[in-house]
1. Quick one: ranking 144, 19 by accessible area, 1.4 Å probe, largest first, what do you get?
2. How large is the accessible surface per residue of the chain, computed with a 1.4 Å probe and reported in Å² as a whole number?
3. Report the extension gain between residue 60 and residue 112 in nm, rounded to one decimal, defined as 0.36 nm multiplied by the number of residues separating them, less their alpha carbon distance.
4. Accessible area of residue 141, 1.4 Å probe, to the nearest 10 Å²?
5. State whether segment 81-147 is rounded, prolate or oblate according to the following rule on the C-alpha gyration tensor (a ≥ b ≥ c being the square roots of its eigenvalues): a/c under 1.5 gives rounded; otherwise a/b larger than b/c gives prolate, and the remaining case gives oblate.
6. Can you give the Kirkwood hydrodynamic radius for the chain, in Å, rounded to one decimal and based on Cα pairs?
7. Using a 1.4 angstrom probe with every protein chain in place, what is the largest-first accessible-area order of 148, 75?
8. Once you've got the GNM for the chain with C-alpha springs shorter than 10 Å, pick whichever of 130, 102, 79 has the biggest mean-square fluctuation.
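The values are calculated or read from the model by the stated rules, or taken from the named source; none is laboratory data. Just so it is clear, the structure is predicted and the values come from calculations on it, not from any experiment. Please note: Cβ atoms are built from the backbone with ideal geometry, for glycine as well, and neighbour counts cover all protein chains shown. For accessibility, only protein heavy atoms count, side chains too; no ligands or nucleic acids. Shrake-Rupley method; radii C 1.70, N 1.55, O 1.52, S 1.80 Å.
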Amino acid sequence: MPHFRLDRQPSNGGDELQSEYYVGREYGVQALEVLRTLGAQISPHLLISEIRTAAADSLWLSPAYERDVLCIGFTWAKHPAEVAALLPVIEDALAPFAPRQHWGKLFHFGADVIGQRFPRLTDFKAVRRHYDPQGKFWNPFLESTLGTP
């Protein structure tokens, strides 16, 4: 099923920001209720919201690793400062549901939280050290989000 109509530009023509969080499906209603309380803060910056589910998988760094999830997507207006300030508020509100972020979209989580949310992160880092012992593919973004290599 296409995410967007194939004969049209996606979303806002690419001129937007996006973030997406995954919570265990069993917490979906509660997570949406909590986000609803943030409506006044979210609304001025939100273009589109998308809610979908995904089945559990076995991919170590997948947001659906070993749990069926509700995916809560946000397509934001191009308000980078406001969205950056809002992400920690959203992440704190969702914290009781142990959300995991979409790696290719905006999020605020740091290495401390990510280390708790992705149980195979240590294994991933060991594989990375084995295949990239010189850290050629390591960078400041990975350092801030995954911690020390």
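1. Values: 144 70, 19 0 Å².
Highest to lowest solvent-accessible surface, that is 144, 19.
2. Accessible surface, normalised per residue, equals 59 Å².
3. Going from the current span to full extension adds 17.0 nm.
4. Roughly 100 Å² of residue 141 is accessible to a 1.4 Å probe.
5. Verdict is oblate for segment 81-147.
6. 16.6 Å
7. The ordering from most to least exposed comes out as 148, 75.
8. Largest GNM mean-square fluctuation: 130.
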